[in-house]
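See below for the structure under consideration.
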Amino acid sequence: MNPNNDRDNRMKHSGDDAWLARPSTIRLLWQVFAVVLALSVGVQLLFPVKGYFGLDGWLGFGAVFGFLSCLAMVLFAKLLGKFLKRPEDHYRGRDDD
Amino acid sequence: MIDFLPPAMILLLGALLIGPTRGALRTAVVLVTPLLTLAAVWQVPDGVVLTLQFLQYPIEPIEGSPVRRLFATIFALMAFGGGLYAYRQARWFELAAAYAYAAGAIGVSFAGDLISLFLFWELMALFSTVVVWCGGTPGARAAGIRYAIMHLLGGVILKVGIEGVMVHTGSIEVRPMLADNFDHWMILIGILINAAAPPLSAWLSDAYPESSPTGSVFLSAFTTKTAVLALILLFPGEPLLIGIGLFMVMYGIIYALLENNIRRILAFSIVNQVGFMVCAIGIGTQMAINGAAAHAFAHIIYKALLFMSAGAVVYRTGLNKCSEVGGLFRTMPLTAVCGIIGALAISGFPLTSGFTTKTMISQAAANESLVWVYFLLAAASAGVFLHAGIKFPWFVFFQRDSGLRPKDAPWNMAVAMVLFSALCILFGVAPQLLYDYLPYPVDYKAYTAGKVVFYLQLLLFSGLAFFLLLPLMRRTETISLDTDWLWRVVAFRAARRVTTTVARLGLALRELTELLGQKVGERGRRLFGTRSADGRLMPGVFARAWPIGTTALWIAVLLTAYVFFYYLD
């Protein structure tokens, strides 16, 4: 891909016209998302979750568990990344010759 | 004998015909042979259909059972979808190799004995390597060699186990076993290498993203899922697999979170998804095996769909990294929507095939009161949404405006994506269509209000976590070390040290022999003579013209000595 063409494209489309990319849309999406999140917990009052092991039937357990597991996994990945991440050309010149 | 063509042979024949045919005829071969194969798959009745004699062993290349037909069905369907996706863009030899590879997978599905299983297993290793090489770059060539080495090693280990079983039991039948002796361990390890289980899983994320945009669609489907079928047939209920499966599930998530290459993210998530299946096979109950089989079926569809979507992006932009793309939803809406459907399905969102199959595995864990397994699988489900469900579509199609305005996918790619998206939703809303064909009778309701609420909470709040933690997930232009670092760097350095030492030794030895040679030469020249620079003969000691008196003197000395010793006696 020609980098000059690339820049031309970028210039041409700098004024973003996509509905999804407008700040107002993004704000609206966050609001809808918040309502959906609240609903997903609230609806548990109407349809109780029959947990297999007791605690997974608590109100909002899925929400808290999902959020915390993700937090733990992201942090753990971040920590591991400190040791495992290498520049992309780490292997270059080793395998190819 | 049988009154139909073996399914694997039909596809193999198709692979052979792709080369010599041209134009519309080739298109027909590509699109029709998988469907003929599919028809043949459904002709295979239960039990052994064909027995041949090889040495003193009865070879049973075709044995039918529900789970075998289920896997062969999805392999044939996959060959069709992949063929449709690829036939206008891929080169003919890539298509031919991919079809031979798929034929190997179908062959393994119906293999009733370990010998034919092994033969088809190696067929897959061979042609999948060719598919990797079709990536055409130096990176693809190197990765293909590493891939081939790993699979040939796996094949050898498998073969050792198979021969052990042949010698020790005299039977080569494919039947359930446990990892309780050396032979069975070898078979298990050989299969697990193909399943991308630890510690030898790096080949998958190494090779798949190096293949062509069309090649990775085929690669994503066959090797690991054939290994899953082999585990179902040979090691159901092997408790070790639970731990291995859970490790794979977490490994896939963590590495996918660290990854920047679009298709490598999806490659890591294959390991993650196969982990679910391996874990289920370890649990080993009827519910768990059903779950593993159903999940493999659903997984092949949505994972191929994800690779199709990513492949379309790579094909149109030539770019492979999250940090280079973004905002592509503007001009690739169809690819984006299909990618999102695949992403929702892999995350197990209600109304997608991932939900109706993955929850079976969780249910199986709960039924056996495996508390830890259950909660780790639930955490992993959240993690899947994090690393594949949102990360993939977000970074590729949204994120920021990269300024790229590529065209949407070519029409044949688009049709394949729409077809597979439809299947993801079909098996999500009508799971009974799949449940009816599972290995055991299904007594499971996917959609209970409580379960749907639980998973919605789990997934939606994972989504919240993703967007809140986005600053922590900034893309870096890096790769992550895996166990293959041990042989690509450590072993490489060790080998290099050994070779340099040997070279140095050789050099020293050469100097020594040269020195010796010189000395011997000098002595020889002195004794036998040589030729001077202008061609004159310079006689050596022996060639010199000695005066006759000297000779007479020497003879007198010899004779005296002789007489002396004669009378000494």
key: B:Thr483 vs. criteria surrounded by fewer than 15 Cβ atoms within 10 Å (Cβ to Cβ) and in a helix (DSSP H, G or I)   = no
Test: B:Gly291 is crowded, with 24+ Cβ neighbours inside 10 Å and either within 14 Å of another protein chain (Cβ to nearest Cβ) or of a type in the set (Gly, Ala, Ser) (or both) = yes
request  = Exactly one condition in (1) in the same structural domain as B:Ser323 (by TED's automatic domain parsing); (2) closer than 30 Å to B:Tyr147 by Cβ; (3) loosely packed, with under 11 Cβ neighbours inside 10 Å is not met by B:Met473; state its number.
outcome  = (3)
task = Being exposed (fewer than 10 other Cβ atoms within 10 Å of the Cβ) and not charged (D, E, K, R) narrows it down to one of B:Thr550, B:Thr478, so name that one.
result = B:Thr550
query = So A:Leu79 clears everything in (1) farther than 21 Å from B:Ser347 by Cα; (2) facing chain B (nearest Cβ under 9 Å); (3) at pLDDT 90 or above except one condition, right? Which one?
reply = (2)
request  = Kindly establish whether B:Met250 is within 14 Å of chain A (Cβ to nearest Cβ) and either of a type in the set (Lys, Arg) or more than 20 Å from B:Gly389 (Cβ to Cβ) (or both).
outcome  = no
inquiry  = Residues to consider are B:Pro66, B:Pro61; find the one that is free of Cβ contacts under 8 Å to residues at least 60 places away in the same chain and in the same structural domain as B:Gly170 (by TED's automatic domain parsing).
reply    = B:Pro61
task = Six or more apart or on different chains, Cβ under 8 Å: which pairs go from a residue in region B:329-343 that's more than 12 Å from B:Val313 (Cβ to Cβ) to one that's crowded, with 20+ Cβ neighbours inside 10 Å and of a type in the set (S, T, N, Q)? Could you list them?
result = B:Val337/B:Ser421; B:Ile341/B:Thr352; B:Ile341/B:Ser421; B:Gly342/B:Ser309; B:Gly342/B:Ser421
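The values are calculated or read from the model by the stated rules, or taken from the named source; none is laboratory data. Keep in mind the model is a prediction, meaning the values are calculated, not measured. Cβ sites come from the backbone with ideal geometry, for glycine too, and all protein chains shown count toward neighbours.
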